[in-house]
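Undergrad: After the structure tokens below, expect a handful of questions from me.
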Amino acid sequence: MWNYRVVKKKQPGGSFFYAIHEAYYDDAGKVWSITQDPIPGRGDSKCEVIGDLVRMLSDARKSPVLDYDKVPEPGAVDPTEPKKKRRPPMRVSKA
């Protein structure tokens, strides 16, 4: 499952930048992944772009803001792996 979520990302200097990202969930409803970059409204026509933006706003209003540096959520597992091999996603160290 996925939806659009507002994500805050810390900027150099300590301020935060907020944008809409796609968020992907595991079978337990935990966020296991988000898009690296914000998602623009898009479509093949003006109507499709407006529809995409309306869905983004609708989804974003329903859920709390995600912290970019706290995804995946604790205990989240990659649902694309076979169930026997599932394990929590690896954290990438930031050197």
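A short reminder: the numbers here are calculations on the coordinates, not readings from a lab. Keep in mind the model is a prediction, meaning the values are calculated, not measured. Note that we place each Cβ from the backbone using ideal geometry, even for glycine, and neighbour counts take in every protein chain shown.
Undergrad: How many residues, within the stretch 1-41, are in a loop (DSSP other than H, G, I, E, B) and in contact with a His (Cβ under 9 Å, 6 or more places away or on another chain)?
TA: So in the stretch 1-41, the residues in a loop (DSSP other than H, G, I, E, B) come out as 1, 11-15, 26-30, 35-41.
If we keep only those that are in contact with a His (Cβ under 9 Å, 6 or more places away or on another chain) as well, we get 35-39.
Number of matching residues: 5.
Undergrad: Is at least one residue of the stretch 61-71 over 15 Å from VAL6 (Cα atoms), surrounded by fewer than 16 Cβ atoms within 10 Å (Cβ to Cβ) and over 12 Å from the mean Cα position of the chain (by Cα)? Quick ask: steps written out before the conclusion?
TA: Within the stretch 61-71, the subset over 15 Å from VAL6 (Cα atoms) is none.
Checked against the condition, which is being over 15 Å from VAL6 (Cα atoms), surrounded by fewer than 16 Cβ atoms within 10 Å (Cβ to Cβ) and over 12 Å from the mean Cα position of the chain (by Cα), the stretch 61-71 yields no hits at all.
Undergrad: What pairs can you find where one residue is in the stretch 2-29 and without any contact (Cβ under 8 Å) to a residue 60 or more places away in the chain and small (Gly, Ala, Ser), the other is surrounded by fewer than 19 Cβ atoms within 10 Å (Cβ to Cβ) and part of a loop (DSSP other than H, G, I, E, B), and their Cβ atoms are less than 9 Å apart, with a gap of 6+ or different chains?
TA: Pairs that qualify, where the first residue is without any contact (Cβ under 8 Å) to a residue 60 or more places away in the chain and small (Gly, Ala, Ser) and the partner is surrounded by fewer than 19 Cβ atoms within 10 Å (Cβ to Cβ) and part of a loop (DSSP other than H, G, I, E, B), are ALA19/ASP37; ALA19/PRO38; ALA19/ILE39; ALA23/THR35; ALA23/SER63; ALA28/GLY75; ALA28/VAL77; GLY29/MET1.
Undergrad: Working only within the stretch 1-46, note down all residues that are among the basic types (Lys, Arg) and in contact with a helix residue (DSSP H, G or I) (Cβ under 8 Å, 6 or more places away or on another chain).
TA: Kept after step one, since they are among the basic types (Lys, Arg), are these residues of the stretch 1-46: 5, 8-10, 30, 42, 46.
Selection gives ARG5, LYS8, LYS9, LYS10, ARG42.
Undergrad: Something else about it: Tell me whether the stretch 40-49 contains one or more residues that are under 28 Å from VAL77 (Cα atoms) and under 12 Å from the mean Cα position of the chain (by Cα). Quick ask: steps written out before the conclusion?
TA: Looking only at the stretch 40-49, we keep the residues that are under 28 Å from VAL77 (Cα atoms), and these are 40.
If we keep only those that are under 12 Å from the mean Cα position of the chain (by Cα) as well, we get none.
No, the stretch 40-49 contains no residue that is under 28 Å from VAL77 (Cα atoms) and under 12 Å from the mean Cα position of the chain (by Cα).
Undergrad: Let me ask another. Do the conditions hold for SER33, that is, is it more than 10 Å from the chain's Cα centre (by Cα) and polar (S, T, N, Q)?
TA: Criteria not met by SER33.
Undergrad: Quick one: count up the residues across the stretch 31-60 that are surrounded by 17 or more Cβ atoms within 10 Å (Cβ to Cβ) and not hydrophobic (A, V, I, L, M, F, W, C).
TA: Within the stretch 31-60, residues that are surrounded by 17 or more Cβ atoms within 10 Å (Cβ to Cβ) and not hydrophobic (A, V, I, L, M, F, W, C) number 2.
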